[in-house]
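> For reference, the structure I am asking about is given below.
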Amino acid sequence: MKVTMSNHPKIGVFVCHCGSNIAGHVDVAAVADYAEQLPGVVFVQRNLYTCSEAGLNEIKLAIAEQELERVVVAACTPRTHEPLFRDTCREAGLNPYLFEFVNIRDQCSWVHMREMEAATEKAKDLVRMGVAKAHLLQPLEEQEVPVEPAALVIGGGMIGMTAALNLAQRGFTVKLVERQAELGGMLLRLDKLYPTQDDAQPLVQERVAGVRRNERIEVVTAATLRQVKGFIGNYEVVVEDEEGRQFSFKVGAIIVATGAQILQPLGLYGYDGQRVITQLELEKRFRDWQSGGQPAELPARVVMIQCVGARIPERPYCSRICCTTAIKNALEIKAYNPAAEVYILYRDTETQGTRYEAYYTRAREAGIQFIRYSPRRPPEVDEKRVVVYDELLGARLGIPCDMVVLSTPLVAHEDARELAQLLKVPVDEHGFFLEAHVKLRPLDFATDGVYVAGTARWPAHLEETIAQAYGAAARAATVLSKDHVTSSGVVAQVNEALCRGCGRCIEVCEFGAPVLVEVRPGVTVARVNPVVCKGCGACSSICPTGAMVAMHFTDQQVTAMVRAALAVE
């Protein structure tokens with residue numbers, strides 16, 4: 001690779017129009033003309049789309065012909081395009097970390113759309129800062145780490161089994177760990193599936209059988225994850241079974257598919273598990289009635305109350321599945337007894353998409369009554385009836401009923417935070433696992449090599465979560481299919497001569513990258529695992545001696561950018 005330590009490196013600046021995304025609100029020509037005047041800049045070029053094949057080829061050509069030693073691209077966001085431009089520099093023979101990205105789309109054109117002159121001046125400032133940093137960029141090295149071609153799937157419900165089967169069919173060994181005594185998860189407790197009204201049990205049994213007979217999948221039930229160490233490609237896992245025996249194994253990737261649980265509505269609407277029950281308890285009664293295990297007749301008058309325990313200050317989210325679940329069970333009641341009276345009391349009806357909208361229409365045609373209530377006037381349940389204020393009629397109604405069914409939301413498992421700590425991944429304020437980016441990396445965690453699917457991530461319909469299972473398996477396969485993975489060069493490094501082994505870096509690191517090592521008797525210093533490190537700089541900012549350095553964002557480089565921003569010579 002081409003490496004330079006020149007005090008006055010040759011810098012090339014490429015300014016992107018991004019169609020009208022940038023050029024429609026920033027004077028790109030003026031920014032390019034300004035860049036030509038900056039110290040060290042020997043080449044400036046404007047591109048319609050710098051990330052296009054033509055734009056990338058022009059960068060490669062300029063590196064070769066102009067003998068560029070640093071490259072600055074002023075375009076969109078490094079979140080999506082920085083790897084692309086780094087690879088382009090690498091292909092041209094330039095160390096990929098001698099590249100600097102300046103975001104003039106998100107930080108200029110998009111936020112100052114009606115202020116073209118101001119947006120242009122700000123773009124000039126950012127380019128000046130990027131060039132100032134580029135002068136001080138140093139070549140960084142990446143490390144290769146071998147990959148263990150096996151995966152751990154945590155959770156043996158439909159989503160975990162689907163992900164495990166998908167990986168096994170790709171030829172990878174899979175360890176499937178389930179905390180319950182049997183596979184199947186929530187679907188074991190369901191009667192029907194919406195919107196088809198198909199029986200749930202055959203689907204579960206078929207998937208369980210597929211997992212059990214696959215030789216590449218090792219199933220461990222009634223087991224708990226106790227320890228996870230390592231990094232992408234090389235995780236060491238310890239699992240404990242119900243008898244207290246522990247065993248360990250290595251995997252290259254991990255998929256979290258632990259699902260969620262139904263909120264028990266204790267203290268709400270007179271819930272007693274007998275006359276006032278949940279939708280899930282109603283499904284159990286359906287199964288009992290079908291099997292003849294319960295002689296009681298199906299109630300003829302049923303009221304369902306939606307959003308019980310959801311969309312309230314302590315739980316403000318919509319669980320998404322409650323409306324369709326209520327419609328499914330209401331239709332099931334009508335299938336048993338067409339003369340039954342079924343009322344669904346709702347705040348808002350969540351039936352997105354044509355399939356679910358048609359499902360809602362089918363329920364109306366079956367004679368199921370929908371009554372809208374306001375949270376300001378919630379329904380009142382007594383021994384014989386439910387009283388509700390109908391928002392659309394503007395009248396107070398009393399509905400005689402034999403059974404009240406409460407639709408409660410999915411909530412995170414109580415031990416989700418404990419599992420998150422083991423895996424060093426985040427959860428949100430409700431306890432659901434938090435992906436790296438909701439749009440760009442919806443199934444990835446910020447911790448490389450760990451992925452999430454299903455309702456462990458957020459409440460979702462079955463078909464949506466199954467799609468996530470395939471997606472998570474595909475993401476894990478991108479790691480497992482490689483002989484090795486390459487770590488980033490943007491990591492923290494330790495000047496051991498300055499380190500006094502205080503451990504502050506270990507306290508703040510979310511990824512467990514730094515560790516304390518005794519280099520000689522009585523002398524302990526910090527060392528960073530470059531594969532685990534994300535280069536976030538938290539350790540560098542808290543280090544009291546300045547021993548910890550965030551490469552690619554050194555104090556000198558950041559200071560140069562600040563001075564450039566303030567136009568200080």
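FYI, it's all coordinate maths here, none of it is from the lab. These numbers were taken from a predicted model, which means no experiment stands behind them. Neighbour counts run over all protein chains shown; Cβ positions are idealised from the backbone, glycine included.
> Normalised by the residues of the range 452-569, what does the relative contact order come to in percent, with Cα pairs under 8 Å and at least six apart?
For the range 452-569, the relative contact order is 25 percent.
> With +1 assigned to the C-beta of every Lys and Arg and -1 to the C-beta of every Asp and Glu, and no other charges, what is the dipole magnitude of the chain about the Cα centre in debye, to the nearest 20?
About 340 debye.
> Further question on the same structure: How far is helix 116-134 tilted, in degrees, relative to the longest principal axis of the Cα atoms in the chain, given as a value from 0 to 90 rounded to the nearest 10?
The angle comes out at about 60 degrees.
> Would you mind putting 228-239, 502-513 in packing order, based on average other-beta-carbon counts within 10 Å, highest first?
Going by the mean number of other Cβ atoms within 10 Å, highest first, we get 228-239, 502-513.
> Between the helical axis of 322-336 and the dominant principal axis of the chain, each derived from Cα atoms, what acute angle in degrees is found, rounded to the nearest 10?
Approximately 30 degrees, to the nearest 10.
> What order do you get for Leu331, Leu266 when you list them from fewest to most C-beta neighbours inside 10 Å? Present the calculation step by step, with values, prior to reporting the outcome.
Numbers: Leu331 20, Leu266 9.
Least crowded to most crowded, the residues run Leu266, Leu331.
> In nm, to one decimal, how far is the Asp402 label point from the Arg376 one, both placed 7 Å along Cα→Cβ?
3.7 nm
> Which part of the range 110-126 falls in the paramagnetic zone of Arg79, meaning amide N under 15 Å from the point 7 Å along Cα-to-beta-carbon?
Answer for this model: 110-111.
> Return the sequence-ordered ³J(HN,Hα) values of the range 445-450 in whole Hz as given by the Karplus equation 6.51 cos²θ - 1.76 cosθ + 1.60 applied to θ = phi - 60°, using x for Gly and Pro.
Coupling constants for the range 445-450: 9, 4, 6, 4, x, 10 Hz.
> With a 10 Å radius around each residue's Cβ, average the other Cβ atoms per peptide and rank 20-33, 441-454, highest first.
Values: 20-33: 18.4, 441-454: 23.0.
Put in order of decreasing packing, that is 441-454, 20-33.
> In terms of the Cα gyration tensor, with a ≥ b ≥ c the square roots of its eigenvalues, is the range 264-410 rounded because a/c is under 1.5, prolate because a/b exceeds b/c, or oblate?
Rounded, because the longest to shortest axis ratio a/c is under 1.5.
> Ok, one more. How many angstrom separate the Cα center of the range 483-522 from the Cα center of the range 352-401?
Answer, in whole Å: 60.
> Sort 522-529, 270-277 by the packing proxy (mean of other Cβ within 10 Å over each peptide's residues), most packed first.
Going from most to least packed, we get 522-529, 270-277.
> If you take every DSSP beta bridge whose two residues both sit in the range 264-410, what share of them, in percent to the nearest 5, is antiparallel?
Working: 9 of 25 bridges.
Bridges in the range 264-410 are about 35 percent antiparallel.
> Among DSSP bridges having both ends in the chain, what percentage is antiparallel? Round to the nearest 5.
Antiparallel bridges make up about 45 percent of those DSSP assigns within the chain.
> Given contacts defined as C-alpha pairs under 8 Å and at least six residues apart, what's the relative contact order of the range 492-551, whole-number percent?
Values: 110 pairs, mean separation 28.0, N = 60.
Computed over the range 492-551, the figure is 47 percent.
> Counting other beta carbons within 10 Å of each residue's own, what order do Thr162, Thr324, Thr77 fall into, fewest first?
Thr77, Thr324, Thr162
> Measure off 7 Å from each Cα along the Cα-to-Cβ vector at Arg417 and Leu440, then give the distance between these two points in nanometres to one decimal.
Result: 2.9 nm between the two label points.
> Next question. Can you work out D for the range 177-243 in µm² s⁻¹ from Stokes-Einstein, where Rh is the Kirkwood radius over C-alpha pairs, the temperature is 25 °C and the viscosity is 0.890 mPa s?
Roughly 174 µm²/s, to the nearest whole number.
> For the chain, find the longest principal axis of its Cα atoms and tell me its angle to the long axis of helix 158-169, 0 to 90°, nearest 10.
50 degrees
> Mind giving me the nanometre distance, one decimal, between the label points for Val558 and Thr361, set 7 Å out from Cα along Cα→Cβ?
It is 5.9 nm.
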